[in-house]
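The values are calculated or read from the model by the stated rules, or taken from the named source; none is laboratory data. All of these numbers come straight from a predicted model, not from anything done at the bench. Neighbour counts run over all protein chains shown; Cβ positions are idealised from the backbone, glycine included. Only protein heavy atoms, including side chains, enter the accessible area calculation; ligands, DNA and RNA are left aside. Shrake-Rupley method; radii C 1.70, N 1.55, O 1.52, S 1.80 Å.
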Amino acid sequence: MAGAIIENMSTKKLVIVGVILLLFQAFSFMVGGLIAPSPTTAVHYLATKCVDTDKHHQSSRWFMPWGPNQCHKIQDFDEAMSKKIEANNIVFAVHIPLPNKEMSPWFQFMLVILQFDIAFKMYNQIEDGAVATIDVGVAYRDDMLGEWTEMAHSIEQRKLSCNFTTTKTYENEGRYYECDLLPFMELGNVAHKYYLLNIRLPVNERNKINVGIGEIKDIRLVGIHQNGGFTKVWFAMKTFLTPSILIILVWYWRRITLMTRPPVLLEKVIFALGLCMTFINIPVEWFSVGFNWTWMLLFGDIRQGIFYAMLLSFWIIFCGEHLMDQMERNRFSIYWKQVGPIVFGSFCLFIFDMCERGVQLKNPFYSIWASDVGTELAMAFIIVAGICACLYFLFLCFMVFQVFRNISGKRSSLPAMSKARRLHYEGLIFRFKFLMLVTLTCAAMTVIFFIISQVNEGHWHWGDYTVQVNSAFFTGIYGMWNLYVFAIMFLYAPSHKRYGDEQSRGVGNPASGEDIQLTTTITHVDGPTEIYKMTGKKAQE
C-alpha cells in the first residue's frame, strides 16, 4: 500500500530535501540581515510657531513653516506676549518630510507621535488628569508650488501624563516636565510627496478648555514610516514565494484527488493551511504603490490574523489526529474545545483592529490609546494575548508529549516483526518525531514573533522601552512559515512508491505472517501515513 512521501522517500533524498529547506531558511534570514535595511525609520520634527492674523481663523488657510509662502513666525511665547498675540492665534506648523526630501508610496504607512515640551511654573502647574484639546488638520500636495488639499480635520483630546522630577520651587521654574509620548496620527498609506500639519491649542477658560495643562513651550513630533528598501525586499519575497506555494498546493491536492479513498481531515486541513499561506503571500501590496488605498494596513492585519488562526488550528488538529482512535478521529467537531478559543481570539483581534484602524480610515487622528479606558483595554488585550500565546505553546508541547507517548505504546508490536520490517517502522517513527520537533520549533518562533510584534506596535503608545525587531527577524519568520507549509504539503502528499515492492520482487511469497499481522493491526485504517494508521488502531483491536 502506498503511503506518504515522508515515509517512502529514501533517507538520502529526504536529507537532501531537508538541507535544501535549511539553506532557504538561512537565506531568508540573510536577506533581512544583509540586504534589507531596518524595517522602519523615525524622523523627529519641531513644530514652528506661526501667527494667524485672520480674526475669523479660516480653516481653508494652511500655514507653512518654511519655503516661499512661509508663515509669519515667532520664536517663543514671550515674544507672543510682548506683541500681545493671543494663544488662539498661534498655529503649530509641521511639514513632513524635512526640507529637500520627499515622501514615497514605498513607505507604506506613516505613524506620528506627539510630545509636549512643558515648562514648570509655580502659578501654572499641570493639574491632575489634565487633558489637552487639539484642533488639528492635515493636508497634502505633490509639488512644492501647488495648493494644499485637506485630507482630514479633527478636534482631539489627549490626556497628559507628566512628571516633574525635582522639587516644585521658584528656583526650579523653567525646568521641563518629563511627559509621555502621545499617539497622534496614523496613515494607512503614503500616496503623496508632502504633508502639512497645522495644530492649534484653543483656550477657553469658561469651558475649561486647555486650562491647567501647564506652560507649553514647544510641540515635538516623531514620524515613523516603513523604509522603502525594506518594502522592496518584502515585496520581492512575496512575489517569489507566491508561485512556489501555489504550485505545491495544486500538486498536493491533485495527488489527494487521485486516491481511491476520500481525503481525511488531516489532509483537508493541510490543504486549507496551504490556501491561507497563499492568501497571505499574494503581493497585493504592489497596487498600494500606484493607488491611494488607505485600507491596505487593515487588510494586511486581517490576512495575517486568518493565517495565525489557521496555523494554530492546524497544529492542534495535526497532533490530535495522532492521539485519537479510529472511532473519534477524522471529525472536525471533536476539536471545537481547542479550535473554538483560537477562532474567538482571532475574532477579538479583528474587533480590536477595527476599533482603531477601521476608524482611522475616516479619522487618522483617532487612537484607542487616547482615553484611559481605551489604554487600559489595549494594554490588557496585549498582556492577555501574550499570556494566551504562551499557554497555547505549553498546551501544544503537552499534546506532542502525548503523541510521543502514544507512539511509544504502539511500538510493542514491533519486536514480533522481522528485522527489516522493524527497522522500517523505527525509521518512520524517527522521521515523524523529528517532524514534530520541527513543528514545535516553528510554533515557538511564531509565538515569540506574535508577542514581540504586539509589544513593538504598542511601545510608542505606552512610552516604554522600545523592542527592536530587525529585518532579519521579519524575513526569517516569514520564510520559515512558507518553508514549513511547503514541507508539510510535500511530505504528506501521497507517494506513488510502495514500500516492499523491491523486496516482494525477490521473494516468492510476499504475504508472510508478519505482513498479515501488519495488515490486520495497522493498514486497515485509512490515513495519509503509517504512523497515522498505527496511532488510530486502538478502537479496532
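Numbers at a glance
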item: Per-selection Kirkwood Rh - segment 336-455 (Cα, Å, 1 d.p.); result: 17.9 Å
item: Nearest-0.05 FRET efficiency for Ile452 and Glu86, computed from C-beta distance (R0 41 Å); result: 0.30
item: Net charge dipole size for segment 41-226 [Lys, Arg +1 and Asp, Glu -1 on Cβ; Debye, nearest 20]; result: 140 debye
item: Linear extension gain, Ile351 paired with Val203, 0.36 nm per residue minus alpha-carbon span; result: 49.7 nm
item: Inverse mean reciprocal Cα-Cα distance (Kirkwood Rh) of segment 1-106, Å; result: 20.0 Å
item: Three-way shape label, segment 207-284, alpha-carbon gyration tensor, a/c 1.5; result: oblate
item: Solvent-accessible surface (1.4 angstrom probe) belonging to Arg421, in square angstrom, nearest 10; result: 40 Å²
item: Residue-by-residue Karplus 3J(HN,Hα) for segment 354-359, coefficients 6.51, -1.76, 1.60, Hz, glycine and proline x; result: 5, 5, 10, 6, x, 5
item: Computed lengthening from Leu258 to Ser408, 0.36 nm per intervening residue step minus Cα-Cα distance; result: 50.7 nm
item: Segment 106-157: chymotrypsin sites (Phe, Trp or Tyr not before Pro) falling in loop per DSSP and having at most 16 other Cβ within 10 Å; result: Tyr123
item: Distant-in-sequence amide H partners of Ile118 (H built 1.01 Å from N, under 5 Å); result: Tyr177, Lys217
item: Other-chain or far-sequence residues with amide H under 5 Å of Gln108's (modelled H); result: Val190
item: Radius of gyration and Dmax over the Cα atoms of segment 41-226, both given in Å; result: 16.9, 51
item: Cα point-scatterer Debye curve for segment 87-181, base-10 log of I(q)/I(0) at q = 0.10, 0.16, 0.18, 0.23 Å⁻¹; result: -0.43, -0.88, -1.00, -1.31
item: In Å², nearest 10: area of Tyr176 left accessible to a 1.4 Å probe; result: 110 Å²
item: Protein-only accessible surface order, largest first, of Lys84, Lys12, Lys49, Lys193 at 1.4 Å; result: Lys84, Lys12, Lys193, Lys49
item: Simple spin-label estimate for Ser10 and Phe332 in nanometres, 7 Å along Cα-Cβ; result: 4.0 nm
item: Rg(Cα) / (2.2 N^0.38 Å) computed for segment 193-338, rounded to two decimals; result: 1.73
item: Potential extension, Ile387-Ile155 segment - 0.36 nm per residue separation minus Cα distance; result: 79.9 nm
item: Lysine pair number, Cα distance threshold 20 Å (strictly under), segment 6-128, separation 8 or more or different chains; result: 8
